[in-house]
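The values are calculated or read from the model by the stated rules, or taken from the named source; none is laboratory data. Bear in mind that the values here come from a model prediction, so they are computed numbers and not experimental data. Don't worry about glycine lacking a Cβ; one is built from the backbone with ideal geometry, like all the others, and counts go over all protein chains shown. To get the accessible areas, we keep the full protein, side chains included, count just its heavy atoms, and leave off ligands, DNA and RNA. Shrake-Rupley method; radii C 1.70, N 1.55, O 1.52, S 1.80 Å.
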Amino acid sequence: MRILIVEDDPRLARGMAASLEAAGFAADVAHNGEDAAALAARDPFNAIILDLGLPDGDGLDLLRLLRRRGDSTPIMIVTARDAVDDRVAGLDYGADDYMAKPFHPRELESRVRALVRRSIGSPDPVLRVGALTLDRSTRRVALADTPLDLRRREMAVLETLMGRPGKVVPKDRMAAEVFALSEAVAPNALEVYVGRLRRKLTPGGPTIHTVRGLGYMIDAH
C-alpha cells in the first residue's frame, strides 16, 4: 500500500518513511502543502499522514483543500498539537484519525494499517484466497498453514492482488501501490515479482493470471 507523508521535518519524515517501508508500505514524502497537494492530485495513495505545522500554511488548509476537491483518501493527522480544539477541528474538517507527537513507530504502522483496512471495507487484517492467507498485521503469509518466505516487494504485490480477488489489477495501479516515486524501477519489475510469486504458490495455491494488455488477477477461490 502506498502512503504519502506530509512532514516538514526531514529527519522525522525519513524515519517515518523507513518505518513504514519496513512494514511493507511504499512511502512518498512531501515537505510542504503545495507539493503534497500536487502529489495527491497526480498519483493514487492509500493513506495520507499529515502534519499541521507546514512551512507554507496550516495543514488544516491542505486537509480542507483535499476534501473540497473530492479526495477521499484516508488522512491521519500526526502533530504536536494535542489540544482538544485542534483534534476536533482536524476531525471535523475531514481527517479520519489523529495522533499526537511523539509516537512509537509501531503505533503509527498499526494505525495506518487499520485506516487502510477501514477505507476498503475490510476490517479483518487477514486476507484469504483459497488456501492462501496473508495477515496484514503480522506480515505473515501461509499456504495451507505452511508459512511462505516472501521478500518485501513480493509481499506488496501479493497484498495488492489479494485485496481484489477475481478482479484485474492494472499494471500502472499495481506499480503505484508497490513502488514509491523515488524508486528506480526496471520496466519488467512487476513481471519478475509475479513470476517469483507464481513459483512460490505452486502447487496448491491460487493462480495469478496475466490479462494481456491490462494487468494481473488472482483467483477468487
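For residue 97, the stated conditions do not hold, so it cannot be described as among the acidic types (Asp, Glu), surrounded by 13 or more Cβ atoms within 10 Å (Cβ to Cβ), farther than 26 Å from residue 139 by Cβ and within 21 Å of the chain's Cα centre (by Cα). Checked against (1) open to solvent by less than 20 Å² (accessible area, probe 1.4 Å); (2) in contact with a Gly (Cβ under 8 Å, 6 or more places away or on another chain); (3) under 16 Å from residue 13 (Cα atoms); (4) not polar (S, T, N, Q), residue 53 passes all but condition (1).
Residue 110 falls short of the stated requirement of being open to solvent by 40 Å² or more (accessible area, probe 1.4 Å) and either of a type in the set (D, E, K, R) or under 30 Å from residue 192 (Cβ atoms) (or both).
Conditions tested, residue by residue: (1) open to solvent by 30 Å² or more (accessible area, probe 1.4 Å); (2) part of a helix (DSSP H, G or I).
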{"position": "172", "(1), (2)": "yes, yes"}
{"position": "176", "(1), (2)": "no, yes"}
{"position": "191", "(1), (2)": "yes, yes"}
{"position": "198", "(1), (2)": "yes, yes"}
{"position": "204", "(1), (2)": "yes, no"}
{"position": "210", "(1), (2)": "yes, no"}
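When residue 63 is tested against (1) open to solvent by 10 Å² or more (accessible area, probe 1.4 Å); (2) in contact (Cβ under 8 Å) with a residue 24 or more places away in the chain; (3) farther than 30 Å from residue 152 by Cβ, exactly one condition is not met: (1). For segment 55-78, the condition holds for at least one residue, the condition being that it is in a strand (DSSP E or B), of a type in the set (Asp, Glu) and at pLDDT 90 or above. Inside segment 2-19, can you point out the residues that are surrounded by fewer than 24 Cβ atoms within 10 Å (Cβ to Cβ) and assigned to a helix (DSSP H, G or I)? Once the filter is applied, which keeps residues that are surrounded by fewer than 24 Cβ atoms within 10 Å (Cβ to Cβ) and assigned to a helix (DSSP H, G or I), segment 2-19 yields 10, 11, 12, 13, 14, 15, 17, 18, 19.
For segment 20-44, the set of residues classified as assigned to a loop (DSSP other than H, G, I, E, B) and open to solvent by 50 Å² or more (accessible area, probe 1.4 Å) consists of 31 only.
Taking the criterion of being on the phi < 0 side of the Ramachandran plot, open to solvent by 40 Å² or more (accessible area, probe 1.4 Å) and over 21 Å from the mean Cα position of the chain (by Cα), the residues of segment 126-147 that qualify are 131, 146, 147.
Of the residues making up segment 151-164, one or more are under 23 Å from residue 43 (Cβ atoms), modelled with pLDDT of 90 or more and acidic (Asp, Glu).
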